[in-house]
Amino acid sequence: MLHQIEKWIDQTNIEYQEQRVSCSKFFDEFKGFYPLEFLQQSYFVIVDTIPKPNFPELRQMGLGDFIDMEVHGITYKNTYYVLPQLASDLRLHFHELVHVAQWGHLGAIPFMERYITEIQTSGYHEAPLEKMAYAFDAHFTKGGEKIDVPNYVAQKI
């Protein structure tokens, strides 16, 4: 199942490749949190509808609420998708970049295994990978001290 999802993710990222925007555009805003090299290898796409895999097997695994949940953004590997009305929301970009770092450190299959398990056992809002992203975006929004996010993620997960 996870390989089927990864194939869907890869196809989705290829489909939107021409619309990707490099996150290096956020270097000044995120300086001290995300290294330039990391931002240069991370991308976002503005979409009218957030793409999500909608396989019956995922619903059978109890993930129907997550699939149906309205979200402002979603990350697949080094690319995340945001809605047009939130395209300038730095907090959302910061949050999704935490997920890019998580995907990058864990790898696709281990990330998906962990994320799905966390959603199943703890629910979306209590899932540790989500809690980390929300804690970081709040820290950024409050003007907290600079922390190298990708390095922190690699040490903590």
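The values are calculated or read from the model by the stated rules, or taken from the named source; none is laboratory data. Computed from a prediction, not measured in an experiment: that's the story for all the values here. Neighbour counts run over all protein chains shown; Cβ positions are idealised from the backbone, glycine included. Calculation scope for accessible area: heavy atoms of the full protein, side chains included, ligands and nucleic acids excluded. Shrake-Rupley method; radii C 1.70, N 1.55, O 1.52, S 1.80 Å.
Below are the figures for this structure:
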{"read-out": "Calculated FRET value between Lys31 and His72, using beta carbons and R₀ = 22 Å, to 0.05", "value": "0.40"}
{"read-out": "Beta bridges by DSSP in the chain, antiparallel share as percent, to the nearest 5", "value": "60 percent"}
{"read-out": "Residues in region 35-77 reached by a label modelled at Asp89 [backbone nitrogen below 12 Å; 7 Å Cα→Cβ]", "value": "70-74"}
{"read-out": "For the chain, the longest site-free run once GluC sites (Glu not before Pro) in DSSP loop states with at most 13 other Cβ atoms within 10 Å are removed", "value": "71-144"}
{"read-out": "Residues of the chain: accessible area per residue with a 1.4 Å probe, Å²", "value": "52 Å²"}
{"read-out": "Within the chain, helix-based [θ] at 222 nm, where runs of 4 or more DSSP H residues each add -39,500 (n - 2.57), nearest 500", "value": "-16000 deg cm²/dmol"}
{"read-out": "Helix 108-122 axis, angle to the chain major axis (alpha carbon atoms, nearest 10°)", "value": "80 degrees"}
{"read-out": "For region 31-115, fraction of C-alpha pairs farther apart than 19 Å, in %", "value": "43 percent"}
{"read-out": "Rounded to 10°, Cα long-axis angle of helix 128-141 versus longest principal axis of the chain", "value": "30 degrees"}
{"read-out": "Three semi-axes of the equivalent ellipsoid, the chain, Cα gyration tensor, whole Å, largest first", "value": "24, 18, 15"}
{"read-out": "Quarter of the Cα convex hull surface for region 73-127, i.e. its orientation-mean projected area (nm²)", "value": "3.8 nm²"}
{"read-out": "Surrounding net charge for Ser122, when Lys and Arg each add one and Asp and Glu each subtract one, Cβ distance under 15 Å", "value": "-3"}
